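Enquirer: Just passing along the structure, written as structure tokens.
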Amino acid sequence: MKVLVVCDHGNNRSVTIAGQLKYWKHDVLSVGLAVTSEETIRMLLVWCDRVITTDSGQLDSLPVGFDGKHQLWDLGPDVYPRSYNPELLKMVKVLMQFHKGEYAPPVGVAVQASNLKTIGKSPEEKHRDEWKANCDIVIGQTMIAGEKKLRERIEKQLAKQKEEYHRIYKLVTDCKSHPSRINFAEGVICGLEIALYEEEVHTVFDKVDG
């Protein structure tokens, strides 16, 4: 995939993401909005399949007409000491895992085709897809063990993720991590809660039908 990663000056946040995505065999360029002409940025936007911004306000600075290619990897303002700051790199790796379904190295044509389904979706749609994926993983791994086993597995996963959420929340409140990590943890928890709710609904309807 041809990926353009955008930050303010093209030296830190975008370079860190680009460097990591290259390990997944993507054709990646980084660019700084404050130091690159609009003509060059527009040319790069035409070239790329996906444009990643690193701050919530950067989309407004891009030429219009490319929203369908846009994806936000919110790293917040560039407050990270140069270069390849460990905290920044850690956050980028978390975001890579979050978007792994789209960017991980393809295995066969089927995976490449499935990656295309995410292009052009809004962040809300992507988060919903991620939550659904969490549901599918948990349900798919435990369905053969029966309803009781399924519920126990989901509950264990949910408890584990809530512990992780509290750990991340403490890091953020202690100013040792970025708030975006809380959003990611909340998304995982929401996915598991949806899976648990769906399992309860299916159990009720199965009893009614029986």
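Each reported figure results from applying straightforward, stated rules to the coordinates on display, with no laboratory input. Computed from a predicted model, the values in this text were never measured in an experiment. All Cβ positions, glycine included, derive from the backbone under ideal geometry; neighbour counts span all protein chains shown.
Enquirer: Filter the trypsin sites (Lys or Arg not before Pro) in segment 6-53 down to the DSSP loop ones having no more than 15 other Cβ atoms within 10 Å, then list what survives.
Expert: LYS25
Enquirer: Which order results if VAL28, VAL35 are arranged by neighbouring Cβ count within 10 Å, fewest first?
Expert: VAL35, VAL28
Enquirer: Same structure again: Give a residue-ordered list of calculated ³J(HN,Hα) values for segment 21-27 (Karplus: 6.51 cos²θ - 1.76 cosθ + 1.60, θ = phi - 60°; whole Hz; x for Gly, Pro).
Expert: Each residue of segment 21-27 in turn: 5, 5, 5, 9, 6, 9, 8 Hz.
Enquirer: Which order do TYR23, TYR80, TYR103, TYR169 fall in if you start with the one that has the fewest other Cβ atoms within 10 Å? If you can, show how the numbers build up before the last one.
Expert: Working: TYR23 10, TYR80 19, TYR103 24, TYR169 16.
If I rank by nearby Cβ atoms, fewest first, I get TYR23, TYR169, TYR80, TYR103.
Enquirer: Let me ask another. Need one word for segment 2-84: rounded, prolate or oblate. Basis is the Cα gyration tensor (sqrt eigenvalues a ≥ b ≥ c); a/c below 1.5 gives rounded, then a/b vs b/c decides. Mind showing how you got there, number by number?
Expert: Working: a/c = 1.57, a/b = 1.18, b/c = 1.34.
Cα axes put segment 2-84 in the oblate bin.
Enquirer: What pairs from LYS22/LYS176; LYS22/LYS93; LYS93/LYS156; LYS100/LYS162; LYS100/LYS156; LYS2/LYS100 go past 19 Å between their alpha carbons?
Expert: Table pairs above 19 Å Cα-Cα are LYS22/LYS176; LYS93/LYS156; LYS100/LYS162; LYS100/LYS156.
Enquirer: What is the sum of charges around VAL28, taking Lys and Arg as +1, Asp and Glu as -1, for the other residues whose C-beta is under 13 Å from the C-beta of VAL28?
Expert: +2
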